[in-house]
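The values are calculated or read from the model by the stated rules, or taken from the named source; none is laboratory data. Predicted model, so just to flag it, every value in this text is computed and none were measured. In this analysis, Cβ positions are derived from the backbone assuming ideal geometry, glycine residues included, and neighbour counts consider all displayed protein chains. Calculation scope for accessible area: heavy atoms of the full protein, side chains included, ligands and nucleic acids excluded. Shrake-Rupley method; radii C 1.70, N 1.55, O 1.52, S 1.80 Å.
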Amino acid sequence: AQSVAQPEDQVNVAEGNPLTVKCTYSVSGNPYLFWYVQYPNRGLQFLLKYITGDNLVKGSYGFEAEFNKSQTSFHLKKPSALVSDSALYFCAVRDENNFNKFYFGSGTKLNVKP
Amino acid sequence: EPEVTQTPSHQVTQMGQEVILRCVPISNHLYFYWYRQILGQKVEFLVSFYNNEISEKSEIFDDQFSVERPDGSNFTLKIRSTKLEDSAMYFCASSPGKGAIGTGELFFGEGSRLTVL
């Protein structure tokens with residue numbers, strides 16, 4: 001069965017410190033992996049994706065994520081957090097073999113304190 | 001830049017009334033979705049639509065829900081008889097086919113907030 005898990009409901013980090021938001025996945029075929037961000041009262045905004053190629057992918061606003069096939073993980077990272085990064089972050093997965101299915105994790109609230 | 005548009009942005013309705021939420025996906029996209037989100041919580045899958053038919057639906061998408069793509073551009077979600085628990089933000093999304101440029105990610109509208117009183 002296809003699924004994606006975000007084990008942390010909330011992540012707190014001080015401005016300027018590195019941040020990591022965790023995500024693990026489970027699919028039957030090759031995964032397409034995504035991160036989205038949601039600011040209050042807004043829609044879901046695409047950040048980055050992994051489909052093939054380099055395991056480290058870079059996206060918007062200085063975010064990056066590393067695909068780890070052996071650990072079935074796709075953690076979101078940023079070297080230096082900003083207060084404006086505070087938002088809700090969703091990991092998502094799409095199965096190459098079941099392309100119509102697109103599932104989100106439960107979301108992680110990132111709080112960056114000044 | 002092409003975008004997914006949704007109307008209305010906010011609708012207030014009485015319990016038991018029918019509601020239609022409208023979406024205009026990005027043209028030449030092939031996959032269409034409705035999701036809902038209650039009060040900034042998790043994003044719940046409702047239904048996916050491909051090749052003019054429902055390809056997948058969740059247990060939330062019961063007989064009270066239906067989707068249509070009547071004219072090749074609009075993609076609508078109808079709730080036949082709304083309940084209090086249908087109050088949520090409803091998001092429409094679309095994506096190109098596999099292998100197309102920009103493949104993979106879903107493009108989301110800004111959402112339609114439904115309030116059932």
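List of remarks:
- Any hit, the range A:40-56, residues being more than 10 Å from every other protein chain (Cβ to nearest Cβ), within 26 Å of B:PHE32 (Cβ to Cβ) and open to solvent by less than 20 Å² (accessible area, probe 1.4 Å): no
- Test result for A:LEU110, in contact with a helix residue (DSSP H, G or I) (Cβ under 8 Å, 6 or more places away or on another chain) and either open to solvent by 50 Å² or more (accessible area, probe 1.4 Å) or at negative phi (or both): yes
- Residues that are in a loop (DSSP other than H, G, I, E, B) and within 12 Å of the chain's Cα centre (by Cα), drawn from the range A:47-68: A:GLY59, A:PHE63
- Pick from the range B:78-103, criterion within 25 Å of A:PHE34 (Cα to Cα) and within 14 Å of the chain's Cα centre (by Cα), ranking: farthest from the other protein chains (Cβ to nearest Cβ): B:ALA88
- Options A:PHE104, A:PHE99; residue that is modelled with pLDDT under 95 and open to solvent by less than 20 Å² (accessible area, probe 1.4 Å): A:PHE99
- Restricting the range A:84-114 to residues that are in a strand (DSSP E or B) and among the polar types (S, T, N, Q), the residue that is nearest to A:ASP9 (Cα to Cα) is A:THR108.
- Of the residues screened, A:PHE74 is one that is of a type outside the set (Val, Ile, Thr) and without any contact (Cβ under 8 Å) to a residue 60 or more places away in the chain.
- When residues of the range B:33-47 are limited to those that are of a type in the set (D, E, K, R) and part of a strand (DSSP E or B), the one modelled with the highest pLDDT: B:ARG36
- When residues of the range B:21-52 are limited to those that are buried (at least 16 other Cβ atoms within 10 Å of the Cβ) and of a type in the set (A, V, I, L, M), the one nearest to the other protein chains (Cβ to nearest Cβ): B:VAL43
- Any strands (runs of 3 or more DSSP E) falling wholly within the range B:53-117 and containing at least 1 residues that are surrounded by 19 or more Cβ atoms within 10 Å (Cβ to Cβ) and at negative phi: B:65-68, B:75-79, B:88-95, B:112-116
- When residues in the range B:1-32 are screened for being modelled with pLDDT of 95 or more, in contact with a Leu (Cβ under 9 Å, 6 or more places away or on another chain) and assigned to a strand (DSSP E or B), 11 of them pass.
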